[in-house]
Amino acid sequence: MEVVLADALLARCGDPCALLRAVCAPLCAERAEALRLLLQRLAAAEPPPGEAEALRRAAWELALERCRPLLCGGEAAAGCGERLRVARAARGALRHCVQLCGAPLAERLACDALPELAGGGGAGAEAAVEALVAAAPRLEEPALVARCVAAALALVREEGEGEAIAALVAGRLLPALGSNGAALRYVWEGLLGAGGTPRAGRALLALSALADALLPRGGPGPGLDARLCPQFWRVVQEGLTERDGLCRKRARYLLKRALDLSGGQCTVRLGGEGGEGYSSLFWWSAGENEKLLQFWETYILVMETLEGNQIHVIKPVLPKLNSLFEHAVSGEEGWLFHPSWHMCIYKRMFESENKTLTKEGILHFLELYETKHLPNSLGFSEFVIGPLMDALSESSLYSRTPGQLMGACPPLGMRLQKFLATYMMLLPEEQKGSFLLRFIQKMTSRHWCAVPILFLSMALAYIPECKIMGTEGLHALRDVLQCTMITHQILLRGAAQCYLLQTAMHLTDVERVSLPEVSSFLLSLRPEESLRRDTMLWMEVRTEAGFMIIRCFLIPIQMRVLLLLISYLNRENCFMPDWFEAKLVATMILLAADVEQMRNKHSGKSNIEWIELEAFLNPLLDVLMKLGSNAYIPTLKTDKSLQLLLKLLQTRSLKCSNTQDDGVLCFIWKSLMTPVESILEFVLRRLTTNELSTVGDLDRCDLYLALIPEIVNLCLQVSWKKVPYIKSFILSLTNASIRNLQERNCKEEPKLQGQIKKVASMASLTAVCELMDQKPEAHLDSLPSVDALKRFISFSQFNDVLKKPSYIGEESSLCEETTSQGWGKIVARYVRDQWICLRFVLSSFPTLAQEYEETSEMSLYTVERSRKILQSALEALTILPSDQVLPVFDCMKVLVPKLLDSSEPLCIEAFDLGWKIISSLSNTQLIFWSNLKAFVQFIFDTEVLAVAASAKGQAYTKIKEIIFKLIDMSTTKTGVFNVVLSHCCRSWIFPTVDERSALTNAFVNAGNYCELITEACVFGTVFRKDQRLIQDVHAFIENLGEKCAANLVTESTHRDDHYVRICAIKFLCLLDGSNTLHKTFMEDIFIKLLDKDEEVSRSRTRYYANSLQHRIKNRVWQTLLILLPKLDQNFLQGILDKVFQAGFSNNQASVKYFIEWIVIMSLHRYPQFLNKFWDCFCYGEEKLKTSICTFLSVLSHFDIILQNTSEKKPALKKALIVVLQWCFNHNFSVRLYALIALKKIWGMCRMLHVEEFEALTPVIESSLQQVENMHGTGNARRNWQRIQDHFFFATFHPLKDYSLETIFYILPRLSELAEDEWISLSKFDRFTDIPLPPAFQWYHSQTELRDLKPSDWSQQDMGSSSAETDSQTEWTDVQKKIIPWKNSTPSLDLEMVAQDRAAKLGKSNSRLIVVASLIDKPTNLGGLCRTSEIFGASALVVGSLHYIQDKQFQHLSVSAEQWLPLVEVKPSQLVDYLQQKKTEGYTIIGVEQTAKSFDLTEYCFPEKSLLLLGNEHEGIPANLIHHLDVCVEIPQQGIIRSLNVHVSGALLIWEYTRQQVIKQDTNSG
């Protein structure tokens, strides 16, 4: 209509120029739109010859003086819809002015706009872009075209805040330049030419805008063809894997356009060069048209499905990946499609936010390359080392599948092993080494968690042996070893070290590495975690070292070690020798000796003379023999020899098996016995004279003191003849140290040498005290110097600190450690040593008291003296570093029991301060556990607990408070409760001799602190996923047994939460029911656990399976079942009612089984309790409906109950009467349970031939026959069979299956409890802190129960139903149909066209256009048609009017198409249609999720709105997003990614209507 009016106006006006000027003044929105329409009609028509020049002048004037200034106002500056309409109309008018004026105006506009464009963003730049959009199609001058292109591309490339202007340039300016043939080539060269490509996002933005020019729908033109450019395909591939969803969408759009363009061609067209000898990145052939289409359709389907990010949607599509490879690989020709396309799919999966999808992608990739044996590609190697390894760093991917048992290798771990082995075999020989090196180096390039690095190391170890690594590879493996040390998971750390060592042995080419490099690598392994001499791993190293000699080393390894030893002893290049170097030499000596032993055994020698070993020990022995007599040996040389000696001696202190049978070690120990006297003489001289005078000498002091216990141990093990020398040494050392400490410094300022001597002397006394504690068999306490030591310590001032010395006059002996901080560490060490000595004296109280009983002032054990020492201990806790408070805790353990009665506040202060230290250390892994152990030994000392409990004062309350604090800490730091409980249980049930003398019966403490056992029986949290993963991986490594050396070497810490319950259960198993104390304790525990169950039941009426409430109840009844056989009749009689009451509760299946089991066993032991049991059936149906199945299940084992009863007939009669009434219950499950019980009881009656039951025979037989036969098919019959086959009725025997295995492993497994509730017998075996007696009989189950699998029948008691609603509720509302029009016209002609019909109904006022051209499903279009008509949209645009004839469309639209204007716009015409509507003042709104989309709840719709809806599958194409004015998204809270397109459209249509209604109401108001 507007076009008709404009043509009429121009026809009646004789002067178009005058008309244009009249319309311009003043220029409002309506006049601007009219001006745009008039110029459009004038440009479309051919002007008369006489008027053409005048019209061009008028257009030139309008363009420069009216339209261009209006653009400079900018749409962003337009504060209202009026300004926006004016600017958009000016934009269209300017374009038509250029059409009228041609190239001159275009060049003028371009020259004016380019400076503004170069100025950056803002309204000026936007106006410049619009001016260039109008000018671009008519530009002709090459230089100006090049400048315009360069300016546009500069904005596209610009990073940072230029996103909006870049989008404007790409969406508006580049397509305009693309329509200019000369400009298009400049754009192409600038985007993908030699000058460099913008980042993928910007490049895809530009290419999508130019798609119509570069990939025309009608086929390739004579110009550019993007498909022939390799860089174009690289950008597309990069875009397919971008993290930004819009970039991926644009890449898929370009790929589809290229495929659409190629599909109709008949000639072969090659794409860009693929490189590496493979096919091009893209190619097409008419002969392969069908195969190509099938491949690319599948490829696009997979890529689009991955956008859903939901595994249940994606998983069915994954098998199509296999078909992609089948199409892509030909046995004869290799890769038909470039493999990089497949890598795009996997990279997209690896980088998904959904970890389940990532895991599926990795597993599929590994399995594919393991099974398909695909042709080799260098690109694959880069992909494996890059995206694949990045994805493998996520720990959660290594979790078990639901069907796997705990301890099994996770699927990813197994696939990784097979993949890496297969892939390495497929690689060419010349590529294996470089690939492996980069793979290992990647493992060091980032921080890896313990789990991924373990399984990667395992995969490396499983690569078949091939010698491809050299020095660089060995260094890389050593770097990985350092990465493993970061984790606190000791077992995982040790296992990773074992596998990395196996990797080095299997893959290192010894001809390319030197012995020092090999030895340095071996030294990176920790003997206490992986490489120990008694493991299979050491034997492998020894064998590999032997082969190394044979293959490449011309000089024997013994000679090399000898040279290494000589070089080590004689090299003087440092102040203090390097411990690392000493450890290296010691390790190599042992390895060389083992190699010698292995060679002698292979040669058949029976008597080994150890000639080589003796030869390279001689240099060390020579130095050691001269230590005592030659005072001129260089200090560095003596230190090195002693360091090496210490490392050799410490080898035997490792927990090696069969040490006495180790020929190598025995020979070394015997050889080292010779210089013992010389060594002791040297050490005594160094420690007692003034030779140690600097801070640096304290390191030497530590070396000498560390040697003393090792030498004593050596003498005790090898030759007692040297013990007198030991005693003489200890005597001299003690006396000299005491003399040094008793010296008084007369000067005010102490000197450094004197203070260092005191530190060394106190450290020496400390070493002597510890030696006497650790080696009582040496009888060192009988030496005279021990009394002097005790006397000296008794009168010493505790916490005596050393004053910082004066450095005036000191020489270069001072080092950096003499700073205040360094001296503070020395003082802390000095104070700690005092407390170690005091600990030794306190442990000798009885002896000291007897010896000095006549001298009261010297009685250290008196209360007053003890109180002062305890006060000093509290002071020490505040001044000592946290890692040095252990001896203070030990002293407090002795002092507090003596003071609890007289100084309780002081003792409580000690408790609080100790707890404060422990809680502050909870995040410090290295020193926390040792401090916790000392704290526990102090607080939970048997005598401390006993004295506190006897007084029942504040100390007793404080200890119980600390118990619950420790339990609470254990919920976040696994293992804390384990330390507490293990200590208490061992001290209560296995008290030491000292504890027995201090307490008549240590078990009294168990009763006083029974909360500890009660909480332990139900302890355990619901693990987080990461905690459960660590537990699973631990179980997997432990299941490997001796295959992994870490299992033999690593000391178990028993920090698993299971060990808390195992400790408590073993403790309870050891109790004796005939012992009065034990009996009282067990009864108390039984009652407390029943109360705990009742408390949990009250806390939540209904609880879900495997919740914490369910687990606690399950643990309660497991423990009660353990205690049951130890309880007597009198106690059970009083407690059985509570057990029955628990049966009435709503219970999960596992809890129900345990309650039934306890009832069965109780009635079996004491049949006289049957009358109590029959009373349970006398309650009302309301109470029994949640529990009757429990009691009927008990009757199904009635033969066990009556096993010890002589009079069975009365009980059977009562049972029949009870069961029969439930066989006819209305509830089907109840009837099934009753029939199971009836079948059992009736079978017993028939076996006993009870005549008095003959009257019931017909009824019972018919009931049983009916249930067996009547339900021929259907669920009833199947359920009857299932319940009969259920383990509890078919296999389970309450007596034969009574065992730890059944209670804690089999029954939880069969009742489908979570796996972390299953406790296997192996864990009971591994926990040795509390051993069960060898005669313990309840260990293994005696039936085939352990072989069963969980049944599909799992009955949970029915919970109480909520109160029924009143059925007589009055109706308060009724449904009514809405009549959409107010002014109905009865005589309406239904045959008139839709537009006229809508106008006549008064519905043409709405300005909302709904564009659904992209939607191709008739059902969605029908629904949208109905919604649009109901809410009064002005028009619905569809891709084809043929849809309205579809029956599915008509079924959904219910004749709405007859009342709504329908417009046909094909998808290929949408760009022009949208541009036209923009010029008419419409705001183009897209329903799409983008980075800058508006929330629907916050967006205000303009009156003239055009709503563009996307395709059901891919949404709005990337080429149309540039033309949107705004994107609106619907806020969502669920997991599903998107709504149905009809639903989305309906929501936006309603929101538009709602806003317009509010505006109308406001205006009318």
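Numbers for the structure displayed
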quantity	calculated
Label point distance in nm, I300-S285, each placed 7 Å from Cα along Cα→Cβ	2.2
Reciprocal mean inverse distance between Cα atoms of the range 1226-1300 - Kirkwood radius, Å	14.0
Order of exposure, largest accessible area first, which applies to C701, C111 with probe 1.4 Å	C111, C701
Nitroxide proxy distance, nm - points 7 Å out along Cα→Cβ at E1498 and S732	8.6
Cβ-Cβ FRET estimate between V1471 and E382, R0 fixed at 41 Å, reported to 0.05	0.55
Approximate shape of the range 1123-1197 as ellipsoid semi-axes (Cα gyration tensor, √5λ), whole Å, largest first	20, 14, 11
Unit Cα scatterers, Debye sum, the range 427-543: log10 I(q)/I(0) for q = 0.09, 0.13, 0.17, 0.21 Å⁻¹	-0.21, -0.45, -0.79, -1.22
Accessible-area order (highest first, 1.4 angstrom probe) of the listed residues E1498, E1254, E141	E1498, E1254, E141
Isotropic mean projected area of the C-alpha convex hull, the range 1177-1236 (nm²)	4.1
Debye intensity ratio I(q)/I(0), log10, the range 418-466, q values 0.15, 0.30 Å⁻¹ (C-alpha model)	-0.41, -1.22
Cα-based convex hull, the range 1094-1234, per residue volume (Å³, whole number)	111
For the range 1-106, convex hull of alpha carbons as volume per residue, Å³	92
Largest-first principal axis extents of the Cα set of the range 102-216 (Å)	36, 32, 22
List L899, L584, ordered by accessible area with a 1.4 Å probe, largest first	L584, L899
Two-decimal log10 I(q)/I(0) for the range 466-529, as the Debye equation yields it once each C-alpha is a single scatterer, q = 0.25, 0.29 Å⁻¹	-1.04, -1.29
Per residue solvent-accessible surface (Å²) - the range 1411-1565, probe of 1.4 Å	46
Environment charge at Q871 (Cβ cut-off 12 Å; Lys +1, Arg +1, Asp -1, Glu -1)	0
Convex hull (Cα only) mean projected area of the range 655-778, reported in nm² to one decimal	8.6
Pairwise label distance in nanometres, T957 with E1011, each label 7 Å out on the Cα-Cβ vector	1.2
Principal axes of the range 1184-1312: Cα extent on each, largest first, Å	45, 43, 26
Contour excess over end-to-end distance, with Cα ends at S520 and F1336 and 0.36 nm allotted per residue	288.7 nm
Bins of 5 Å from zero: percent of alpha-carbon pairs in the range 884-931	5, 21, 27, 21, 14, 8, 3, 1
Distance histogram for the range 23-76 (every C-alpha pair counted, 5 angstrom bins, percent rounded to whole numbers)	4, 17, 25, 27, 15, 8, 3, 1, 0
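The values are calculated or read from the model by the stated rules, or taken from the named source; none is laboratory data. Every value quoted in this text rests on a predicted model; they were computed, and no experiment measured them. We place every Cβ from the backbone using ideal geometry, glycine too, and count neighbours over all the protein chains shown. The area values use the complete protein model at the heavy-atom level, side chains included, leaving out ligands, DNA and RNA. Shrake-Rupley method; radii C 1.70, N 1.55, O 1.52, S 1.80 Å.
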